[in-house]
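Structure record follows, encoded as structure tokens.
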């Protein structure tokens, strides 16, 4: 059966686009952080939606599970096989065409394998902005971004990935193709089915293309690196700036001194903009008058003692240098116990205080690396050295997640559940919610062959 499946898949995508040798499949069966490894019958690399459909039909007939994969930059093991049953990895990398850009409708239709940075560039060349922006944008693919409902640094103004999508095309678990590529901003004709697939991590079907929402390209921007006394000061500064600047405030990132130091140690060529502080905010204003508005707002914040010190980028090069610090944080602390959580913005300081106290009591001397998109309540709360904490990882997770739950937050803000949080989520989701999710899964994928072992 396996030989006939391999031959059939090769007939669909071409022999060179079906990988079966272990050396060839290894990059697709291991996640980015090398935390999850699985085995696969092969890696299928289709170039069209029709080829995806045919490959899925063949796998369903053979009872073989399908693991959709984009850039494989996820952090929760959602894009690699579990190795617990016969699986193929279906890589969308060759489906990388931008099918249409409609500047008058402010939409761009892209295939799932398009790299996020390429979509941003195409929009910019047309005088538009595609607002999704995150550290992995040079390698992550839009299909993966949609499947995990990625967040990034611009959520404060533009929303999550699901807010940037007007329509999708998807291959269902039985191989049928749903064409929902409608660039409409108003369509009250029943259930908004695209939202089922966005954030589902490929467990309900395979997104093969999407109509993405574009925005006017900002006419100007201003960036500042700001020292604040503590997270409470950061949240108060956020309120001050939002009241004064409204939607011109496009990014508001919080970093602890521990995170900044990790970056400086990892990349010695990076200069510390404000030595000596304990907490920092990287913020950006966009659109006309941004520089003047930022200068005025920071002066008032200094007068009100909301800010301890600040550096404003004088040009694009200085702005990129400040953003490089923030974007290098994940790489600089690659090996630690990671958490991607969210709480109400007003509760961010309380979470940081409570979680730090609980961890310090349980594991004296443990180091916390806290950073994230405090403008939307999303923190990346990472702990110590994963190797040293290997035997206590479950304990660390439980401490952090219990504090999140106590404040009414979420244990996954933007990275998804994947394999990492599939069991843990059952402690935090209402049983009725889980029942509804399982009902949807059973309705669309009754045989459980679509990215099994992930989410639920």
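Only the coordinates and a few stated rules stand behind these numbers; no lab work does. Keep in mind that this is a model prediction, so the values were computed, not measured. As a convention, Cβ positions derive from the backbone with ideal geometry for all residues, glycine included, and neighbour counts pool all protein chains shown.
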(message) Between residue 320 and residue 105, what is 0.36 nm times their sequence separation minus the Cα-Cα distance? Round to one decimal in nm.
(response) 74.4 nm
(message) Among 171-182, 56-67, 105-116, how do they line up by average Cβ neighbours within 10 Å per residue, starting with the highest?
(response) 105-116, 56-67, 171-182
(request) Please determine, in degrees from 0 to 90 and to the nearest 10, the orientation of helix 116-125 with respect to the longest principal axis defined by the Cα atoms of the chain, where the helix direction is its Cα long axis. (result) 70
(request) Run the quick spin-label model on residue 11 and residue 402: label points 7 Å from Cα toward the beta carbon, then report their separation in nm to one decimal. (result) 5.8
(request) Please work out the Cα center distance from segment 385-456 to segment 236-269, rounded to the nearest Å. (result) 28
(request) Mind running the shape call on the chain? Use the C-alpha gyration tensor, a ≥ b ≥ c as the square roots of the eigenvalues: rounded below 1.5 for a/c, prolate if a/b tops b/c, oblate otherwise. (result) prolate
(request) Highest first, please rank the peptides 70-79, 368-377 by the mean number of other Cβ atoms sitting within 10 Å of their residues. (result) 70-79, 368-377
(message) Which of rounded, prolate or oblate describes segment 232-366 when judged by the alpha-carbon gyration tensor and an a/c cut-off of 1.5?
(response) oblate
(message) Could you work out [θ]222 nm for the chain from helices alone, using -39500 (n - 2.57) per DSSP H run of at least four and dividing by all its residues? Round to the nearest 500 deg cm²/dmol.
(response) -10500 deg cm²/dmol
(request) Measure nothing fancy, just the Cα-based angle from helix 393-406's long axis to the longest principal axis of the chain, in degrees from 0 to 90, nearest 10. (result) 70
(message) Tell me whether segment 2-91 comes out rounded, prolate or oblate; compute the Cα gyration tensor, take square roots of the eigenvalues as a ≥ b ≥ c, and use a/c under 1.5 as the rounded threshold.
(response) prolate
(message) If packing is taken as the average count of other Cβ atoms within 10 Å, what order do 381-387, 139-145 fall into, highest mean first?
(response) 139-145, 381-387
(request) Take every Cα pair under 8 Å in the chain that's 6+ residues apart, average their separations, divide by the length, and report that relative contact order as a whole percent. (result) 15
(request) Report the antiparallel proportion of the DSSP beta bridges in segment 1-157 as a percent, rounded to a multiple of 5. (result) 50
(request) On a 0 to 90° scale, report how tilted helix 49-62 is relative to the longest principal axis of the chain, with both axes built from alpha carbons and the result rounded to the nearest 10. (result) 60
